[in-house]
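The block underneath contains the structure these notes are about, expressed in structure tokens.
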Amino acid sequence: MTESTEPTELETHDFDVLVIGAGGAGLRAAIEAREQGLKTGVICKSLFGKAHTVMAEGGIAASMGNANPKDNWEVHFRDTMRGGKFLNNPRMAELHAKEAPQRVWELETYGALFDRTDEGKISQRNFGGHEYPRLAHVGDRTGLELIRTLQQKVVSLQQEDKRETGDYFTKLEVFAETTVTDLLKDDAGRIAGALAYDREYGKFRVYRAPAVVLATGGIGKAFKVTSNSWEYTGDGAALALRSGAALINMEFIQFHPTGMVWPPSVKGILVTESVRGDGGVLRNSEGKRFMFDYVPDVFRSQYADTEEEADRWYKDPENNKRPPELLPRDEVARAINNEVKEGRGSPHGGVFLDVSSRLPADEIIRRLPSMHHQFKELADVDITAEPMEVGPTCHYVMGGIEVDPDTAATSVPGLFAAGEVAGGMHGSNRLGGNSLSDLLVFGRRAGTGAVEYVAGLGNSRPAVNDGDVQRAVEWSLGLFEEREHPENPYDLHHALQDQMNDLVGIIRREAEVREALTVLDELDERAKRVVVQGNRHFNPGWHLAMDLRNMLLVCRCVALAALERTESRGGHTREDHPAMDPQWRKVNLVETLDGDGRVELKRQPVPEIRQDLLDLFERSELAKYLTEEELQRRAGDES
Amino acid sequence: MSYQGSFRVWRGDDQSGGLVDYRVEVNEGEVVLDIIHRLQATQAPDLAVRWNCKAGKCGSCSAEINGKPRLLCMTRMSTFTEDETITVTPLRTFPVEKDLVTDVSFNYEKSREIPAFAPPEGVAPGDYRMSQWDVERSQEFRKCIECFLCQDVCHVVRDHEDNKQHFAGPRFLMRITELDMHPLDAADRREAARTEHGIGWCNITKCCTEVCPEHIKITDNALIPLKERVADRYYDPIVWLGNKIRRRST
Amino acid sequence: MATDLSGGVDAPGRAQIPERTLRVDRWWIQPLVTFICFTAWLLYGLIRASMQKDYFVADYGYLTPFASPCLSTSCEPGSTHFGTPFGQWPPLIPFAVLTLPFLLLFRLTCYYYRKAYYRSFWLSPPACAVAEPHKKYTGETRFPLVMQNLHRYFFYAAVIVSLINTYDVFHAFKGKDGGFGIGLGSLILLANVVLLWCYTLGCHSCRNLIGGRLNHFSRHPLRYKAWGWVSKLNAKHMLFAWVTLGSLVVTDAYIALVASGTISDLRIIN
């Protein structure tokens, strides 16, 4: 018997609330659960403090009104709905807009140091799709500030527990470099815990907990050109599906308009939207500011028609319309894609993003320090002297686990989800800056939801089914077994990334999406023959082989939903159905697994927008999104 | 343009190990991490390496390249000649787990020992007022991505295992400075900096600053000011006298 | 160099690598050069200070900083800018014995020089990621190195000495007739004293005292401004540390050459 197939001694841990994921949402959920007195565990796929949240650059959207006192939650709500093309879960968008300021202020009590206004308040910056300067930020490393602040808050809670009990980990413990492979349920179908392995030694652990919060982030690693890190393999979405929860709107994937395109090894790495918010402009190979040609009708009234007006806006936003470079991300990404396709791209297949001719060098370095650093060190480009080359990169999935807006509960009792892994909040397209605030608002709500759920259980804690554990461990260890025609997990991953990028990427066509589904069938077959070399001791090949299962499942969901939705909206562009269709606005695509593990897709109505929320919009604006029938019903209500 | 590059990569675990030679393809514009990934995909599927963002923002892929502590993702291949043999080893200050992965729990332990931010009493969330002037110094230190290269290179612990117990290392001494300079932090951190966290062990030889991928001036802006603040408190009767007089006159 | 690394990079559990360092660059050059330069400078200073010769050019009022202030009746007439409270001076004892030790201690406890000599003289460490040869290390926690914390006192003293040197420069702007005059020597002395101020005010202790110790710059705008200037100088502290070593030698050597009659001063005005 080799080391890799030895039966395992299972380590067991007990918690009231188990949070899977240690990014912004996970940590905020864990802090909430612990502050409300529950014993909380956090599982972290990489080291503590390395979660993908650190990559967020621009800021946290919250209508604190520090830069413009006219800003308030209603304006933020409107912007969010517009950005999401009205497909957002309106209750989530409402809660998010209302609670974001408190969540940001709270961070200051944890020790966060945002950039300041002259009055000493939190400074707020402009961003695409936001009517007023709204993003609390720290230079262009806001995500790092967020993750570090939450990390340090976790430590401070542990210090409290140490003072009381002599042990840091009595009530809040973080398990770094640990990956969950399966959620565990009791016989009644309630969540009972999770099975995980530690990446270092490959040992399996059973975490017993009546409530589990999924905060695992997105699925970007299924695409070739992506701004996401290796952790983003769709684990949470796949875990939720396999445990019986539903995913919604998985077709909506945000391609951030500006990722690096060169050198090849960093292709996809993000260039923050702040570059444009602070004055950067997009030009094609002919030197033209092409975004003026791509302002869609729904946004025509808010965006400048001429370069002169756009330039005046940076100084005087009250009396001028915004530059079209600050359109929502989906619009800009499609425009860049089109420029490149029509032969007006830059040498390495992107377009030019120029800030060097717009701001003095020291100002660029002060406002965009990490961009300056990133281009200097990775591409040998000095952004204070020359333009950057940028192109779209897979950045964020708007779709995700279907949750209750108020409690973040999924349809599986005891299972909660928050952050990127949850769906609905952002509709078909997310505004920049709304992600970090989403993490905080719904991270906290998931924590509270879990606490309430556990309180409601009383003494009837669900019990883990040992058979499930055994089967799950066997599957993982089975990857080391010899097989005929063995497959290498790295090859499979590369093939998946290439195909998803080409066939279900930024622009989609029916035939290609169908081809993708065929390819996924083949990859599923090949994945059954994956053989891992070496042993369980920190073996990246083995880790990838386990992640692949999740990626393949989630990619299938994306492709099926992309095929079903025959319109173009936000992060889903169908070349064969280029228009936005008000009938489709009423439809969420919901995916679940059937008894044989096959993905089932059904249509489900989008929750109605409450009357008082609808009243925040002009009728003329609603007319762009809602059906005639909906508009009449609204008019009827008014009369 | 691509060529076959020569690499020596340390393979092993906490029991044994050594440098293993590889020949591997190198393409234009790549960084050392790309090469390690190519090794994984083609020659050594179980080669252990830690990485996340691949953009120098998360601080996961710390290792030593040709003997120098570096981030694998921020070391461009173009900084080497084509016939150069590039040696990649794990960090040499922490226990090795496997190949390029080390056990960095020392840092997390130290991090837990630094008392957290002490919020000012009676200031509600939303009422925090701080001037940009006052937060700028601490903001520099908060750029830290916790790659722990400074902890790795610091000879106090690198060359003296027994010092690990009474020395927090540059990263966490900098954290103390960050909090001590925080305009609203309510705690005095100088006593603990001197006793528990060992600022006195630092002999300001600046290797931490040299290796910092975020170019934080750890020594000049954090460690020396902390030493000076400790001196204010413990070694400067003039400042002490001044404080005494001012307190009496107010 | 055979070094026992067992308590350090060869400690149990760490990656087993027999080499003391895997650096391939010539890391030993920097400490070596520092060692040679510091040693040479100290020898030069020691010899010149104890020579009691060729330290003053009476015609133009040039007094070398190595002999300033000159306070005894043994000093050449005209060089005693602060009177002669002392009588006959014994041989070999530097005329500036009241100030030189403080200047030496100021530099000895200077944060930059500490780095330089810990690396080049103590090899602790010789260079980054190169194992040091010592078995034990206690840093600056014990006597005598805990005394490094007294740097600020030597800074206070250095300010006084710099004022004295500045006063000396005023005396160096005179012609043979006793009226105003400028020679190359005056300019060298002036440049030297400017550089000395840049070094002295850029000191880390000064940076702390002037404003660094405050947590609320916004309540002390003047001190914040001053802190900003000092910080700029401080960023170049290493540069000024080296440049002033050079400028001191140049100044002293020039005065020695003129005073001994080896060369004559290049006069610009009178």
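Summary of values
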read-out: Where no second cysteine Cβ lies under 4.7 Å, the cysteines concerned in chain C; value: C:C37, C:C110, C:C198
read-out: Ranked by how many other beta carbons lie within 10 Å on average, peptides A:437-446, A:475-484 from highest; value: A:437-446, A:475-484
read-out: For the protein assembly as shown, with +1 on Lys and Arg beta carbons and -1 on Asp and Glu, the positive-most of C:F121, C:A259, A:A188 along the dipole; value: C:A259
read-out: DSSP beta bridges in the protein assembly as shown [antiparallel fraction, %, rounded to 5]; value: 70
read-out: Taking all pairs of distinct alpha-carbon atoms in region A:481-605, Kirkwood radius in angstrom; value: 16.0
read-out: Dipole of region A:11-126, positive direction: furthest Cα of A:M55, A:G41, A:F86, with charges on the beta-carbon; value: A:F86
read-out: Cα-only Debye scattering, region C:148-270: base-10 log of I(q)/I(0) at q = 0.10, 0.13, 0.19, 0.23 Å⁻¹; value: -0.41, -0.63, -1.02, -1.27
read-out: Region A:128-218, Cα convex hull volume normalised per residue, Å³; value: 196
read-out: Two-decimal Rg to Rh for region A:219-314 - Kirkwood Rh, Cα set; value: 1.09
read-out: Average beta carbon contacts from partner chains per residue of A:49-57, 10 Å cutoff; value: 5
read-out: For B:I86, residues with placed amide H under 5 Å, excluding near neighbours; value: B:S6, B:F7, B:R8
read-out: Cα-Cα P(r), chain A, percent of pairs per 10 Å interval; value: 3, 17, 28, 27, 17, 7, 1, 0
read-out: Whichever lysines have a C-alpha closer than 25 Å to that of A:K224, once near sequence neighbours (fewer than 8 apart) are set aside; value: A:K45, A:K50, A:K267, A:K341, A:K376, A:K528, B:K54, B:K57
read-out: Residue mean of other protein chain beta carbons inside 10 Å, C:211-220; value: 6
read-out: Rg ratio (alpha-carbon, reference 2.2 N^0.38 Å) - the protein assembly as shown; value: 1.03
read-out: Local net charge near A:M64, Cβ-Cβ under 9 Å (Lys/Arg +1, Asp/Glu -1); value: +1
read-out: Rg/Rg_globular for region B:2-102, with Rg_globular taken as 2.2 N^0.38 Å and Rg from C-alpha atoms; value: 0.98
read-out: For region C:207-215, 3J(HN,Hα) per residue [Karplus equation, 6.51 cos²θ - 1.76 cosθ + 1.60, θ = phi - 60°, Hz, x = Gly/Pro]; value: 4, 5, 5, 6, x, x, 6, 7, 9
read-out: Cα centre as origin, Lys/Arg/Asp/Glu Cβ charges: region B:105-249 dipole, Debye; value: 500
read-out: All lysines inside 17 Å of A:K586 as judged from Cα atoms, apart from same-chain residues fewer than 8 positions distant; value: A:K85, A:K602, A:K624
read-out: Most positive-pole-ward Cα, A:A240, A:W230, B:F106, against dipole of the protein assembly as shown from beta carbon charges; value: B:F106
read-out: Calculated log₁₀ intensity ratio I(q)/I(0) where the Debye formula runs over C-alpha points of chain C, q = 0.08, 0.16, 0.17 Å⁻¹; value: -0.44, -1.22, -1.30
read-out: Chain C: most fluctuating residue of C:A253, C:A67, C:A129 per GNM, C-alpha cutoff 10 Å; value: C:A129
read-out: Over the protein assembly as shown: helical MRE at 222 nm, DSSP H runs n ≥ 4 each giving -39500 (n - 2.57), nearest 500; value: -12000 deg cm²/dmol
read-out: Hits among lysines - C-alpha to C-alpha of C:K115 under 26 Å, sequence gap 8 or more where chains match; value: B:K68, B:K110, B:K143, B:K164, B:K206, B:K217, B:K227, C:K135, C:K136, C:K232, C:K236
read-out: Cα centroid of region C:49-94 to Cα centroid of region B:78-156, whole Å; value: 54
read-out: Table column - 3J(HN,Hα) (Hz), region A:391-398, Karplus curve with 6.51, -1.76, 1.60, x for Gly and Pro; value: x, x, 9, 5, 10, 7, 10, 6
read-out: Inter-chain Cβ neighbour average for residues A:118-127, partner chain, 10 Å; value: 2
read-out: Selected from B:P170, B:P120, B:P183 as most flexible by GNM, with chain B as the system and alpha-carbon contacts under 10 Å; value: B:P120
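We did not get these values from a lab; they are worked out from the coordinates using the rules stated. Just so we're clear, the structure is a prediction, and the values are computed from it rather than from any experiment. As a convention, Cβ positions derive from the backbone with ideal geometry for all residues, glycine included, and neighbour counts pool all protein chains shown.
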